[in-house]
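Notes to accompany the following structure.
The values are calculated or read from the model by the stated rules, or taken from the named source; none is laboratory data. What you are looking at is a predicted structure, and each value in this text was computed from that prediction instead of being measured. In this analysis, Cβ positions are derived from the backbone assuming ideal geometry, glycine residues included, and neighbour counts consider all displayed protein chains. Just the protein is used for accessible areas: all its heavy atoms, side chains included, with ligands, DNA and RNA removed. Shrake-Rupley method; radii C 1.70, N 1.55, O 1.52, S 1.80 Å.
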Amino acid sequence: METKTKIRWSEYNKEIADNKFFYLRSCIRQNFNPGAEKVFLSILQNKLRKEVYDDPHHTTCSGIGYHSDIVPFETFQSMVARQFSLMTERGYKNCAVSCITSFGGYNEVLSTWKEFPEELEKTRENLLKATGRTFEIPENLSHACDIIYHFRKEIATQARYRLINKETGEPLKIVDHIGCHYAKIFPEKGVGGSEYSRVLTGMIEAWGGEAVDYPERRHCCGFGFRHYLVKNNRSYSISNSRKKFESMKPYQPDMILTNCPGCNMFLDRWQYALAQIEGKVYGGENGIPVLSHEELAGLVLGYDPWKDIGLQMHQIDVEPLLNKIGVEYDPKQKFTGVRGQYINEPEFTGCLAKQD
């Protein structure tokens, strides 16, 4: 007999496909942390033996333009429909979405089509006129973090490292941050809804870490397209991130785990900006490392942090985190290109330049 807790929790679960994914890339993740998508595809294809199709004809969903009031919703619907037409053309029915903004946008379009069938028919007409394409609605639409969460236990069985401090034997203390467009727009589309999201904490616990709660856990990172794109509004963005850092600081987290490329970049870069403004570091040796779900999964599976995951792209240095876990890496390879050539390096990583 099912308990009341199990029955209630079933309301917060979602269906996540097991195989045969049509991959929908993120334009900003490819620019901010390009190794993340590469390692996600490798994990699914090479570690989990799943079928994933990465279409070279796939384009941006134009979600940033839509949320910035540059791209009209009618155009946005047509852009989303084109992505689905590529999926249909290749014979896939399950979408794996890399970007949180895209994920929220796709769900907004699908919800619109469900509630207003006339919008669906108009979009079909627009896409046909513009491109000669037709499309089917996907049977399953999951974010990349949903898929990593879905296979978290399988990843744990193959893990080379656990989220354990190798010196103390204690679980790493990890705070999570859920992107707003993952669970706040349509709570039922995210694992655990908006208030009880399990999609990241489930990974942390499965891989040996301790998920740490903190007061501003569900507060926005502050990205907000209108906040950052308009220079005069950027104080709104950084003040939101500061609120989160102040909230998590007393818990002394070893790292921050995110599922959104924008959140990942801003929680990483704003630590540096705040340190330059206030001379303050919020944790770690020189800031709190910020990793995405793909990057953390790649790390525990033993992928090379530089060549495979691209963690040198982060402002906050990840080496202290790697050392805590006991990850083997070559510091000399940190700033080399694909052919082993030196590609130069930043003046310093972290928040404040160390004095000689």
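Looking only at the stretch 73-85, decide whether some residue is touching a strand residue (DSSP E or B) at 6+ places or on another chain (Cβ under 9 Å) and either at pLDDT 90 or above or open to solvent by less than 10 Å² (accessible area, probe 1.4 Å) (or both). Let's see the steps before the verdict.
Restricting attention to the stretch 73-85, the residues satisfying the condition of being touching a strand residue (DSSP E or B) at 6+ places or on another chain (Cβ under 9 Å) are 83-84.
Okay, now just the ones that are also either at pLDDT 90 or above or open to solvent by less than 10 Å² (accessible area, probe 1.4 Å) (or both), so 83-84.
Yes, the stretch 73-85 contains at least one residue that is touching a strand residue (DSSP E or B) at 6+ places or on another chain (Cβ under 9 Å) and either at pLDDT 90 or above or open to solvent by less than 10 Å² (accessible area, probe 1.4 Å) (or both).
Just the residues that are farther than 30 Å from Ala159 by Cβ and touching a Gly at 6+ places or on another chain (Cβ under 8 Å), please, taken from the stretch 34-66.
Listed by number, the residues that qualify are Cys61, Gly63, Tyr66.
To keep it simple, each residue is scored yes or no on (1) in a helix (DSSP H, G or I); (2) charged (D, E, K, R); (3) outside the structural domain of Phe103 (by TED's automatic domain parsing).
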residue: Pro215; (1), (2), (3): no, no, yes
residue: Phe223; (1), (2), (3): no, no, yes
residue: Tyr236; (1), (2), (3): yes, no, yes
residue: Glu246; (1), (2), (3): yes, yes, yes
residue: Asn264; (1), (2), (3): yes, no, yes
residue: Ile277; (1), (2), (3): yes, no, yes
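Against the conditions (1) part of a loop (DSSP other than H, G, I, E, B); (2) crowded, with 17+ Cβ neighbours inside 10 Å; (3) β-branched (Val, Ile, Thr), where does Ile155 fall short? Just the number, please.
(1)
Which of the residues belonging to the stretch 313-348 are within 22 Å of Met255 (Cα to Cα), in a loop (DSSP other than H, G, I, E, B) and either open to solvent by 70 Å² or more (accessible area, probe 1.4 Å) or at pLDDT below 90 (or both)?
Matches in the stretch 313-348: Glu328, Pro346, Phe348.
So, in the stretch 1-47, of the ones that are at pLDDT 85 or above, part of a helix (DSSP H, G or I) and aromatic (Phe, Trp, Tyr), which residue ends up least open to solvent (accessible area, probe 1.4 Å)?
Phe40
State which residue pairs qualify: first residue surrounded by fewer than 23 Cβ atoms within 10 Å (Cβ to Cβ) and inside the stretch 197-224, second residue assigned to a loop (DSSP other than H, G, I, E, B) in any location, beta carbons under 6 Å apart, and separation of 6 or more residues or different chains.
Arg198/Val191; Arg198/Gly192; Gly208/Arg162; Gly208/Leu163; Val212/Pro253
All but one of (1) assigned to a helix (DSSP H, G or I); (2) at pLDDT below 95; (3) open to solvent by less than 30 Å² (accessible area, probe 1.4 Å) hold for Gly283, so report the exception by its number.
For Gly283, the exception is condition (1).
Scan the helices (runs of 4 or more DSSP H) fully inside the stretch 62-140 and keep the ones with 2 or more residues being without any contact (Cβ under 8 Å) to a residue 24 or more places away in the chain. Write out each step before concluding.
Numbers: elements: 63-67, 73-89, 100-115, 117-131.
Correct list: 73-89, 100-115, 117-131.
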